[in-house]
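The values are calculated or read from the model by the stated rules, or taken from the named source; none is laboratory data. Note that this is a predicted model, so its numbers are computed, not measured. FYI the Cβ positions are ideal-geometry reconstructions off the backbone, even for glycines, and counts take in every protein chain you see. To get the accessible areas, we keep the full protein, side chains included, count just its heavy atoms, and leave off ligands, DNA and RNA. Shrake-Rupley method; radii C 1.70, N 1.55, O 1.52, S 1.80 Å.
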Amino acid sequence: MKETLRYLAGIAGPSGYGSNSTAEQVIQDYACSGPPHLTAIITGATSGIGVETARALAKKGLRIVIPARDLKKADELKEVIREESPKAEIVIFETDISSFVSVRRFCSGFLALGLPLNILINNAGIYSQKLEFSEDKIEMTFATNYLGHFLLTELLLEKMIETAEQTGIQGRIINLSSAIHSWVRRDAFCFSKMLYPGNYDGTSAYSQSKLANILHVKEIATKLKARNARVTMNAVHPGIVKTGIMRDSYKGFITDSLYLIASKLLKSTSQGASTTCYVALSPQTEGVSGKYFADCNEINCSALANDGLEARKLWMQTHALLQRYLYPPPTQHVLLCD
């Protein structure tokens with residue numbers, strides 16, 4: 001009850017920010033030190049809180065790299081950012097984050113540019129009321145929200161570690177999650193069923209993907225610490241934001257009129273992007289890794305999301321899956337002798 005009242009009142013937490021804080025309010029307090037250009041990759045930057053995240057970071061002088069499925073939307077965003085920040089450097093790649101081949105192609109293209117990589121924001125996400133499959137024949141919500149970002153992180157992690165070593169500036173990886181991750185029961189969190197569900201439920205698929213994103217953070221943070229790498233990884237809950245995902249996910253639960261009333265309590269996209277920007281730039285999050293943030297403050301995630309063994313198990317299952325898809329065993333040729 002106390003947390004609900006704090007949220008509704010917009011009362012600031014220990015960070016000095018709260019639920020009413022916007023991305024622009026957060027970034028204006030932080031100067032980007034070091035090289036003239038920090039580089040940030042932001043998935044899902046062409047809609048919702050991704051747009052606000054890209055706009056805010058560009059205003060701070062960051063080079064923004066946008067892997068986008070819709071190039072028209074990406075070009076429109078580029079123009080919007082350039083109007084506000086004429087010197088902004090925006091790099092666009094056509095990418096489908098749900099496709100393993102497309103993600104690998106993006107990473108190859110980005111690495112070929114020879115740019116540093118300081119910040120990776122795994123922001124893209126979908127909610128689907130009906131069962132759909134990716135081109136890899138995997139359930140679309142899980143492929144987009146979790147698997148694509150897992151592969152993206154794996155392929156770019158060494159570049160981030162290298163950049164941090166060369167510049168002395170800590171790299172930061174951020175996974176977008178949701179408070180809805182806590183709805184997942186341990187006995188319902190089954191890797192094979194998330195890949196190829198029998199009885200599909202959109203809310204369950206979405207909540208499971210968001211739980212997977214936190215477990216991903218926990219395991220990678222552990223691996224980075226073991227390597228003494230100057231890269232951190234954290235998860236954020238943007239809040240309940242007025243976005244397309246929210247409009248899609250509420251259907252079937254409440255009427256349009258009730259949604260209209262409830263929407264008055266929802267965050268704006270700028271407020272939704274504030275926690276991402278806080279974790280990406282704040283000196284207060286320097287060295288903080290494996291944590292979960294909401295309203296620009298560290299909070300507790302569910303017990304299941306905090307389970308190190310579950311995080312390790314999910315990483316191993318995901319890694320094995322990607323190995324099978326990306327590096328299939330060679331075809332065996334049988335030589336027939338007379």
Worksheet item: How many residues does segment 290-329 contain that are among the small types (Gly, Ala, Ser), within 20 Å of Leu155 (Cβ to Cβ) and in a loop (DSSP other than H, G, I, E, B)?
Response: 0
Worksheet entry | segment 36-95, subset in contact with a Gly (Cβ under 7 Å, 6 or more places away or on another chain) and open to solvent by less than 10 Å² (accessible area, probe 1.4 Å), residue farthest from Pro238 (Cα to Cα) | Ile42
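Yes/no matrix, rows are residues, columns are (1) in contact with a helix residue (DSSP H, G or I) (Cβ under 9 Å, 6 or more places away or on another chain); (2) open to solvent by 10 Å² or more (accessible area, probe 1.4 Å); (3) not hydrophobic (A, V, I, L, M, F, W, C):
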| site | (1), (2), (3) |
| --- | --- |
| Phe133 | yes, yes, no |
| Leu152 | yes, no, no |
| Leu157 | yes, yes, no |
| Gln166 | no, yes, yes |
| Gly171 | yes, no, yes |
| Ile180 | yes, yes, no |
Item to complete: Report yes if Ser108 is loosely packed, with under 15 Cβ neighbours inside 10 Å, modelled with pLDDT of 95 or more and within 21 Å of Arg172 (Cα to Cα), otherwise no.
Response: yes
Fill in: Every residue from segment 111-126 that is among the aliphatic types (A, V, I, L, M) and open to solvent by less than 60 Å² (accessible area, probe 1.4 Å)
Leu115, Leu117, Ile119, Leu120, Ile121, Ala124, Ile126
Discussion item. Quick check on my filter: what residues within segment 279-291 are open to solvent by less than 10 Å² (accessible area, probe 1.4 Å) and of a type outside the set (Gly, Ala, Ser)?
Written reply: Val279, Thr285
Discussion item. Quick check on segment 176-186. Is at least one of its residues within 19 Å of Ala320 (Cα to Cα), part of a helix (DSSP H, G or I) and under 19 Å from the mean Cα position of the chain (by Cα)?
Written reply: no
Response to the item:
A careful count of residues in segment 120-171 that are within 20 Å of Pro197 (Cα to Cα), within 11 Å of the chain's Cα centre (by Cα) and small (Gly, Ala, Ser) gives 2
